[in-house]
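Right, one structure below, let's go through it.
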Amino acid sequence: MIQAKNITKTFPIGNSLANGREVLKGIDLEIGKGEIAAIVGASGAGKSTLLHILGTLDRPTSGQVLYENLDVFAFGDDRLSAFRNQHIGFVFQFHHLLPEFNVFENVAMPALIRGKKLTDVRHRVHELLKSVGVDDRALSRPNSLSGGEQQRVAVARALMNEPKVVLADEPSGNLDTKNALQLHELIWELSRRLEQTFIIVTHNEAFANRADEVLRIVDGQVAGKKIRDKS
(Lines give C-alpha, C1' and ligand atoms only; values in the text may rest on other atoms or scores of the structure.)
Protein backbone atom coordinates (compact mmCIF):
# COMPACT_ATOMS: atom_id res chain seq x y z
CA MET A 1 0.00 0.00 0.00
CA ILE A 2 2.88 2.38 0.82
CA GLN A 3 6.16 2.47 -1.04
CA ALA A 4 9.22 4.65 -0.54
CA LYS A 5 11.73 4.69 -3.37
CA ASN A 6 15.29 5.95 -2.88
CA ILE A 7 14.34 8.60 -0.32
CA THR A 8 17.11 11.05 0.50
CA LYS A 9 17.01 14.09 2.74
CA THR A 10 19.68 16.73 3.11
CA PHE A 11 19.20 19.72 5.40
CA PRO A 12 20.95 22.80 4.02
CA ILE A 13 23.55 24.76 5.91
CA GLY A 14 22.76 28.37 5.19
CA ASN A 15 21.25 28.39 1.72
CA SER A 16 23.38 25.58 0.36
CA LEU A 17 22.62 21.87 0.04
CA ALA A 18 26.10 21.21 -1.28
CA ASN A 19 27.63 21.19 2.19
CA GLY A 20 24.39 20.33 3.98
CA ARG A 21 23.73 17.58 6.51
CA GLU A 22 22.67 14.38 4.77
CA VAL A 23 20.23 12.56 7.07
CA LEU A 24 18.62 9.97 4.74
CA LYS A 25 20.79 8.31 2.12
CA GLY A 26 18.48 6.26 -0.10
CA ILE A 27 15.63 4.56 1.79
CA ASP A 28 13.46 1.92 0.12
CA LEU A 29 10.50 0.26 1.84
CA GLU A 30 7.13 -1.34 1.18
CA ILE A 31 4.33 -1.68 3.74
CA GLY A 32 1.08 -3.54 3.12
CA LYS A 33 -2.46 -2.75 4.22
CA GLY A 34 -3.20 -3.70 7.83
CA GLU A 35 0.45 -4.17 8.74
CA ILE A 36 2.36 -2.77 11.70
CA ALA A 37 5.82 -1.60 10.67
CA ALA A 38 8.32 -0.57 13.35
CA ILE A 39 11.23 1.74 12.61
CA VAL A 40 14.09 1.37 15.09
CA GLY A 41 17.61 2.70 15.46
CA ALA A 42 19.81 4.95 17.51
CA SER A 43 18.98 8.59 18.18
CA GLY A 44 19.98 10.72 15.21
CA ALA A 45 19.83 7.83 12.72
CA GLY A 46 17.05 9.49 10.70
CA LYS A 47 13.96 7.67 12.01
CA SER A 48 11.79 10.70 12.72
CA THR A 49 12.91 12.41 9.51
CA LEU A 50 11.79 9.35 7.57
CA LEU A 51 8.46 9.27 9.42
CA HIS A 52 7.82 12.95 8.65
CA ILE A 53 8.47 12.32 4.96
CA LEU A 54 6.21 9.25 4.90
CA GLY A 55 3.57 11.42 6.54
CA THR A 56 4.09 14.22 3.97
CA LEU A 57 4.97 16.67 6.73
CA ASP A 58 8.26 17.25 4.94
CA ARG A 59 9.37 16.72 1.36
CA PRO A 60 12.40 14.56 0.53
CA THR A 61 15.40 15.99 -1.24
CA SER A 62 14.91 13.22 -3.80
CA GLY A 63 12.90 10.04 -4.18
CA GLN A 64 9.21 9.10 -4.20
CA VAL A 65 6.54 8.14 -1.69
CA LEU A 66 3.64 6.26 -3.23
CA TYR A 67 0.27 5.68 -1.58
CA GLU A 68 -1.49 2.97 -3.61
CA ASN A 69 0.73 3.96 -6.55
CA LEU A 70 -0.11 7.66 -6.15
CA ASP A 71 3.05 9.81 -6.14
CA VAL A 72 2.09 12.23 -3.36
CA PHE A 73 5.07 14.56 -3.73
CA ALA A 74 3.97 15.35 -7.27
CA PHE A 75 1.16 17.34 -5.57
CA GLY A 76 1.30 21.05 -4.84
CA ASP A 77 1.25 22.13 -1.20
CA ASP A 78 -2.52 22.66 -0.94
CA ARG A 79 -3.41 19.30 -2.48
CA LEU A 80 -0.74 17.59 -0.37
CA SER A 81 -2.18 19.16 2.79
CA ALA A 82 -5.68 17.96 1.87
CA PHE A 83 -4.35 14.46 1.16
CA ARG A 84 -2.60 14.39 4.54
CA ASN A 85 -5.73 15.43 6.42
CA GLN A 86 -7.87 12.85 4.65
CA HIS A 87 -5.56 9.84 4.48
CA ILE A 88 -2.91 10.05 7.22
CA GLY A 89 -3.28 10.03 11.00
CA PHE A 90 -0.60 11.02 13.50
CA VAL A 91 0.21 10.07 17.08
CA PHE A 92 3.24 11.65 18.74
CA GLN A 93 5.15 11.05 21.98
CA PHE A 94 3.40 14.06 23.50
CA HIS A 95 -0.30 13.84 22.73
CA HIS A 96 -0.71 17.45 21.43
CA LEU A 97 -4.38 17.52 22.46
CA LEU A 98 -5.89 21.01 22.46
CA PRO A 99 -6.39 22.01 26.12
CA GLU A 100 -9.24 24.44 25.44
CA PHE A 101 -11.42 21.68 23.93
CA ASN A 102 -12.89 18.58 25.57
CA VAL A 103 -12.07 15.02 24.54
CA PHE A 104 -15.02 14.76 22.16
CA GLU A 105 -14.05 17.97 20.37
CA ASN A 106 -10.39 16.96 20.16
CA VAL A 107 -11.24 13.67 18.46
CA ALA A 108 -13.62 15.41 16.04
CA MET A 109 -11.04 18.07 15.08
CA PRO A 110 -9.60 16.36 11.93
CA ALA A 111 -13.13 16.02 10.51
CA LEU A 112 -13.93 19.66 11.35
CA ILE A 113 -10.76 20.77 9.57
CA ARG A 114 -11.95 18.74 6.60
CA GLY A 115 -15.15 20.82 6.58
CA LYS A 116 -17.61 18.48 8.29
CA LYS A 117 -20.07 19.58 10.97
CA LEU A 118 -19.84 18.34 14.52
CA THR A 119 -23.38 16.96 14.40
CA ASP A 120 -22.48 14.89 11.34
CA VAL A 121 -19.55 13.11 13.03
CA ARG A 122 -21.02 12.68 16.52
CA HIS A 123 -21.65 8.96 16.08
CA ARG A 124 -18.19 8.35 14.65
CA VAL A 125 -16.54 10.14 17.60
CA HIS A 126 -18.46 8.09 20.15
CA GLU A 127 -17.56 4.87 18.31
CA LEU A 128 -13.88 5.77 18.37
CA LEU A 129 -13.88 6.76 22.03
CA LYS A 130 -15.53 3.46 22.86
CA SER A 131 -13.04 1.51 20.75
CA VAL A 132 -10.08 2.99 22.66
CA GLY A 133 -11.75 2.66 26.05
CA VAL A 134 -12.32 6.30 27.04
CA ASP A 135 -15.95 6.85 26.07
CA ASP A 136 -16.71 7.86 29.67
CA ARG A 137 -14.31 10.82 29.37
CA ALA A 138 -15.91 12.49 26.32
CA LEU A 139 -16.71 15.76 28.11
CA SER A 140 -13.46 15.93 30.08
CA ARG A 141 -10.64 18.34 29.32
CA PRO A 142 -7.28 16.75 28.40
CA ASN A 143 -5.53 18.01 31.55
CA SER A 144 -7.88 15.93 33.72
CA LEU A 145 -6.87 12.67 32.00
CA SER A 146 -4.00 10.35 32.84
CA GLY A 147 -1.10 10.07 30.40
CA GLY A 148 -2.39 6.74 29.13
CA GLU A 149 -5.89 8.15 28.60
CA GLN A 150 -4.48 11.15 26.73
CA GLN A 151 -2.62 8.88 24.32
CA ARG A 152 -5.76 6.79 23.77
CA VAL A 153 -7.61 9.97 22.84
CA ALA A 154 -4.74 10.86 20.49
CA VAL A 155 -5.11 7.45 18.81
CA ALA A 156 -8.86 8.00 18.41
CA ARG A 157 -8.20 11.43 16.88
CA ALA A 158 -5.69 9.91 14.45
CA LEU A 159 -8.37 7.45 13.28
CA MET A 160 -11.09 10.08 12.86
CA ASN A 161 -10.91 10.45 9.07
CA GLU A 162 -10.44 6.71 8.47
CA PRO A 163 -6.85 7.20 7.28
CA LYS A 164 -4.94 4.82 5.06
CA VAL A 165 -2.11 4.84 7.59
CA VAL A 166 -1.41 6.03 11.12
CA LEU A 167 2.12 7.25 11.83
CA ALA A 168 3.32 7.22 15.42
CA ASP A 169 6.56 8.74 16.73
CA GLU A 170 7.51 7.14 20.07
CA PRO A 171 3.81 7.01 21.10
CA SER A 172 4.58 5.26 24.40
CA GLY A 173 7.85 7.06 25.12
CA ASN A 174 6.25 9.35 27.70
CA LEU A 175 4.26 6.59 29.47
CA ASP A 176 5.07 4.31 32.37
CA THR A 177 5.50 0.58 31.73
CA LYS A 178 1.87 -0.35 32.44
CA ASN A 179 0.35 2.35 30.24
CA ALA A 180 2.91 1.73 27.49
CA LEU A 181 1.96 -1.95 27.39
CA GLN A 182 -1.75 -1.08 27.28
CA LEU A 183 -1.14 1.34 24.39
CA HIS A 184 0.85 -1.30 22.50
CA GLU A 185 -1.98 -3.80 22.95
CA LEU A 186 -4.49 -1.21 21.74
CA ILE A 187 -2.49 -0.53 18.57
CA TRP A 188 -2.14 -4.26 17.93
CA GLU A 189 -5.87 -4.85 18.40
CA LEU A 190 -6.89 -1.92 16.18
CA SER A 191 -4.54 -3.01 13.44
CA ARG A 192 -6.00 -6.50 13.38
CA ARG A 193 -9.67 -5.56 13.83
CA LEU A 194 -9.77 -2.55 11.50
CA GLU A 195 -7.02 -3.65 9.09
CA GLN A 196 -5.38 -0.37 9.98
CA THR A 197 -1.82 0.23 8.83
CA PHE A 198 0.56 1.62 11.47
CA ILE A 199 4.13 2.85 10.99
CA ILE A 200 5.76 3.39 14.36
CA VAL A 201 9.11 4.82 15.40
CA THR A 202 10.00 3.21 18.71
CA HIS A 203 12.88 2.46 21.04
CA ASN A 204 10.81 -0.29 22.66
CA GLU A 205 12.39 -3.47 21.31
CA ALA A 206 9.70 -5.75 22.77
CA PHE A 207 6.98 -3.82 20.95
CA ALA A 208 9.03 -3.63 17.75
CA ASN A 209 9.54 -7.38 17.76
CA ARG A 210 5.76 -7.91 17.62
CA ALA A 211 5.47 -5.80 14.47
CA ASP A 212 4.91 -7.39 11.07
CA GLU A 213 8.02 -5.68 9.77
CA VAL A 214 10.97 -4.10 11.56
CA LEU A 215 13.22 -1.63 9.74
CA ARG A 216 16.49 -0.78 11.45
CA ILE A 217 17.91 2.58 10.39
CA VAL A 218 21.65 3.15 10.77
CA ASP A 219 23.28 6.35 9.55
CA GLY A 220 20.41 7.22 7.22
CA GLN A 221 20.09 3.83 5.57
CA VAL A 222 18.12 0.62 6.13
CA ALA A 223 20.73 -1.60 7.74
CA GLY A 224 18.43 -4.50 8.45
CA LYS A 225 14.86 -5.66 7.94
CA LYS A 226 12.93 -8.34 9.77
CA ILE A 227 9.55 -9.67 8.59
CA ARG A 228 7.48 -11.57 11.14
CA ASP A 229 6.36 -15.06 10.18
CA LYS A 230 2.55 -14.79 10.19
CA SER A 231 2.01 -18.53 9.85
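Has segment 151-158 got at least one residue that is without any contact (Cβ under 8 Å) to a residue 60 or more places away in the chain and assigned to a loop (DSSP other than H, G, I, E, B)?
To start, the set of residues in segment 151-158 that are without any contact (Cβ under 8 Å) to a residue 60 or more places away in the chain comprises 152-153, 156.
Then drop every residue that is not assigned to a loop (DSSP other than H, G, I, E, B), which leaves none.
There is no residue in segment 151-158 that is without any contact (Cβ under 8 Å) to a residue 60 or more places away in the chain and assigned to a loop (DSSP other than H, G, I, E, B).
Working only within segment 7-22, note down all residues that are modelled with pLDDT under 90 and either part of a loop (DSSP other than H, G, I, E, B) or not small (Gly, Ala, Ser) (or both). Can you show your working first?
Residues of segment 7-22 that are modelled with pLDDT under 90, as a first pass: 11-22.
Result: 11, 12, 13, 14, 15, 17, 19, 21, 22.
Taking the options 157, 210, 141, 192, name whichever one is in contact with a strand residue (DSSP E or B) (Cβ under 8 Å, 6 or more places away or on another chain) and surrounded by fewer than 19 Cβ atoms within 10 Å (Cβ to Cβ).
Values: 157 fails: surrounded by fewer than 19 Cβ atoms within 10 Å (Cβ to Cβ); 141 fails: in contact with a strand residue (DSSP E or B) (Cβ under 8 Å, 6 or more places away or on another chain); 192 fails: in contact with a strand residue (DSSP E or B) (Cβ under 8 Å, 6 or more places away or on another chain).
When all the criteria are applied, what remains is 210.
Does segment 76-88 contain any residue that is surrounded by fewer than 15 Cβ atoms within 10 Å (Cβ to Cβ), free of Cβ contacts under 8 Å to residues at least 12 places away in the same chain and closer than 28 Å to residue 219 by Cα?
Within segment 76-88 (the criterion being surrounded by fewer than 15 Cβ atoms within 10 Å (Cβ to Cβ), free of Cβ contacts under 8 Å to residues at least 12 places away in the same chain and closer than 28 Å to residue 219 by Cα), the answer is no, since none of the residues qualifies.
Check whether at least one residue in segment 56-63 is of a type in the set (Val, Ile, Thr), more than 21 Å from residue 170 (Cβ to Cβ) and surrounded by 16 or more Cβ atoms within 10 Å (Cβ to Cβ), and report yes or no. Even if it seems obvious, please write down each step before you answer.
Here is the first cut: in segment 56-63, the residues of a type in the set (Val, Ile, Thr) are 56, 61.
Still in the running and more than 21 Å from residue 170 (Cβ to Cβ): 61.
Add one more test, that the residue is surrounded by 16 or more Cβ atoms within 10 Å (Cβ to Cβ), and what stays is 61.
There is at least one residue in segment 56-63 that is of a type in the set (Val, Ile, Thr), more than 21 Å from residue 170 (Cβ to Cβ) and surrounded by 16 or more Cβ atoms within 10 Å (Cβ to Cβ).
Considering only segment 23-53, state which residues are closer than 12 Å to residue 219 by Cβ and part of a strand (DSSP E or B).
Selection gives 23, 24, 25, 26, 27.
Filter segment 1-48 for residues that are within 23 Å of residue 205 (Cα to Cα) and surrounded by fewer than 16 Cβ atoms within 10 Å (Cβ to Cβ) and give the result.
The answer is 28, 30, 32, 33, 34, 42, 43, 44.
Which of the numbered conditions does residue 96 fail, given that it passes all the others? Conditions: (1) under 13 Å from residue 155 (Cβ atoms); (2) more than 20 Å from the chain's Cα centre (by Cα); (3) surrounded by fewer than 19 Cβ atoms within 10 Å (Cβ to Cβ).
The number of the failed condition is (2).
Scan (1) touching a Leu at 6+ places or on another chain (Cβ under 9 Å); (2) of a type in the set (A, V, I, L, M); (3) over 24 Å from residue 189 (Cα atoms) for the single condition residue 45 breaks and write down its number.
(1)
So which residues in segment 57-101 are out of contact with any His (no Cβ under 9 Å at 6 or more places or on another chain) and of a type in the set (Asp, Glu), if there are any at all?
Answer for segment 57-101, where residues must be out of contact with any His (no Cβ under 9 Å at 6 or more places or on another chain) and of a type in the set (Asp, Glu): 68, 71, 77, 78, 100.
What number of residues in segment 127-184 are over 16 Å from the mean Cα position of the chain (by Cα), among the charged types (D, E, K, R) and closer than 23 Å to residue 41 by Cα?
Selection size over segment 127-184: 1.
Need the failing condition index for residue 94 against (1) modelled with pLDDT of 90 or more; (2) out of contact with any strand residue (DSSP E or B) (no Cβ under 6 Å at 6 or more places or on another chain), just the number.
All conditions are met except number (1).
Output the qualifying pairs, or none if there are none: Cβ atoms under 7 angstrom, residues six or more apart or on different chains, first residue in segment 170-195 and under 11 Å from residue 35 (Cα atoms) and touching a residue at least 12 places away in the same chain (Cβ under 8 Å), second residue among the polar types (S, T, N, Q) and not in a helix (DSSP H, G or I).
Going by the 7 Å Cβ cut-off, the qualifying pairs are 190/196.
Within segment 164-182, work out how many residues are in contact with a strand residue (DSSP E or B) (Cβ under 9 Å, 6 or more places away or on another chain) and not in a loop (DSSP other than H, G, I, E, B).
Matching residues across segment 164-182 total 5.
Only residues that are assigned to a strand (DSSP E or B) and either modelled with pLDDT of 95 or more or over 11 Å from residue 158 (Cα atoms) (or both): list them for segment 65-91, please.
Start the filter on segment 65-91 by keeping residues that are assigned to a strand (DSSP E or B), which leaves 65-67, 70-71, 88-91.
Once the filter is applied, which keeps residues that are assigned to a strand (DSSP E or B) and either modelled with pLDDT of 95 or more or over 11 Å from residue 158 (Cα atoms) (or both), segment 65-91 yields 65, 66, 67, 70, 71.
Does residue 161 satisfy the condition of being assigned to a loop (DSSP other than H, G, I, E, B), touching a residue at least 40 places away in the same chain (Cβ under 8 Å), of a type outside the set (Lys, Arg) and closer than 21 Å to residue 86 by Cβ? If you could, list the steps in order and put the result at the bottom.
On the way: assigned to a loop (DSSP other than H, G, I, E, B): yes; touching a residue at least 40 places away in the same chain (Cβ under 8 Å): yes; of a type outside the set (Lys, Arg): yes; closer than 21 Å to residue 86 by Cβ: yes.
Yes; evaluated as a whole, the condition is true for this residue.
The values are calculated or read from the model by the stated rules, or taken from the named source; none is laboratory data. If you're wondering where the values come from, they're calculated on a predicted model, not measured in any experiment. Note: ideal-geometry Cβ built from the backbone for every residue, glycine included; neighbour counts use all protein chains shown.
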